[in-house]
1. Quick one: putting +1 on the C-beta of Lys and Arg, -1 on the C-beta of Asp and Glu, what dipole do you get for the chain around its Cα centre, in Debye to the nearest 20?
2. Once the dipole of the chain is set up with Lys and Arg at +1 and Asp and Glu at -1 on Cβ about the Cα centre, which of Ser37, Leu204, Gln189 lies farthest towards its positive end?
3. Just going by the charge dipole of region 50-232, with Lys and Arg at +1 and Asp and Glu at -1 on Cβ, which of Gly84, Ser218, Met98 is farthest out on the positive end?
4. Restricting to Cα pairs below 8 Å that are 6+ residues apart, what does the relative contact order work out to for region 50-232? Please round to a whole percent.
5. Can you pull the Kirkwood radius for region 44-191, inverse mean 1/r over Cα pairs, to one decimal in Å?
6. Among Leu178, Ile131, Ala65, whose Cα projects farthest towards the positive end of the dipole of region 50-232, with charges put on the beta-carbon of Lys, Arg (+1) and Asp, Glu (-1)?
7. Output wanted: per-residue J couplings in Hz (rounded whole) for region 70-81, from phi through Karplus 6.51 cos²θ - 1.76 cosθ + 1.60, θ = phi - 60°, x for Gly and Pro.
8. Using helices alone, what [θ] at 222 nm do you get for the chain, with -39,500 (n - 2.57) per DSSP H run of 4 or more residues, divided over all residues and rounded to the nearest 500?
Amino acid sequence: MERMTALPKHVENSLAPQIARQGSLPSTEIVYEPPTSYFFLKRCIDFSFSLLGIIALLPLFLIVALCIKLDDGGPVLHFREIIGMQGRRFYALKFRTMIPNADEYLAKNPELLRKFQRNMKLAGDPRITRIGRFLRKTSIDELPQLVNVFLGQMSLVGPRIIHPSELPRFSEYARKRLSVKPGITGLWQISGRHHISYDERVLLDMRYIDNRSLLSDSLILLKTLKVFVIHTGA
């Protein structure tokens with residue numbers, strides 16, 4: 001991984017409290033270990049809310065599945081391999097938002113592949129379907145991950161999910177990143193995720209790990225809900 005670049009002002013400001021305490025960029029070591037009660041209550045919240053969410057959102061899931069099928073006839077779900085806590089691998093569920101042969105399309109376009117590998121995303125990605133644009137804008141495509149939360153593979157709040165091939169980009173932060181479960185939402189999702197670089201996302205993940213608490217998780221969930229309501233017009 002290349003040396004961390006200078007942070008834009010809005011990200012630097014968000015990291016200011018932590019930098020003030022530590023005097024530099026986030027430590028590669030875990031600087032704060034929450035009490036046992038935090039992990040117990042967090043799991044209880046994850047289990048309860050994911051179960052309720054799956055039941056309540058089932059009609060929406062069926063509608064989205066029908067729309068995806070009617071759009072291009074391809075698979076409804078996308079199974080993305082993820083490396084989780086302690087290096088355990090699993091498949092995160094998402095509604096498919098790209099054309100069925102998305103990986104092959106990228107492989108046949110070297111310039112697009114180069115841009116994608118730089119930041120693991122593409123501005124105006126041509127592989128995204130019509131229904132996929134809406135699902136991504138509203139983050140509805142990520143709601144099937146409630147199943148992963150229910151199974152204990154993920155949490156409602158945590159660092160963003162990453163593919164095993166991304167772990168080397170965390171460099172000295174890799175071990176710290178694997179010390180927690182990935183989340184459906186987190187600091188990246190509420191901090192202008194389309195406008196920050198990969199290195200900045202790594203720092204946001206480290207900030208979350210160093211400052212996690214039930215209060216911070218609750219605030220992130222509330223901000224995520226606010227963003228969801230704005231984007232869907234609910």
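Bear in mind these aren't lab numbers, they're just calculated from the coordinates by the rules spelled out. Small disclaimer: the values here were computed from a predicted structure and weren't measured. Here Cβ is always computed from backbone atoms with ideal geometry, including for glycine, and neighbour counts include all displayed protein chains.
1. Working: 33 positive and 21 negative charges, 37 e Å.
I would put it at about 180 debye.
2. Gln189
3. In region 50-232, that residue is Ser218.
4. Contact order relative to length: 22 percent.
5. Numbers: mean 1/r = 0.0611 Å⁻¹.
Taking every pair of different Cα atoms in region 44-191, averaging 1/r and inverting gives 16.4 Å.
6. Farthest towards the positive end: Leu178.
7. Computed from phi, the couplings for region 70-81 are 5, 5, 9, x, x, x, 7, 10, 10, 9, 9, 5 Hz.
8. Roughly -16000 deg cm²/dmol at 222 nm, from the helical runs in the chain.
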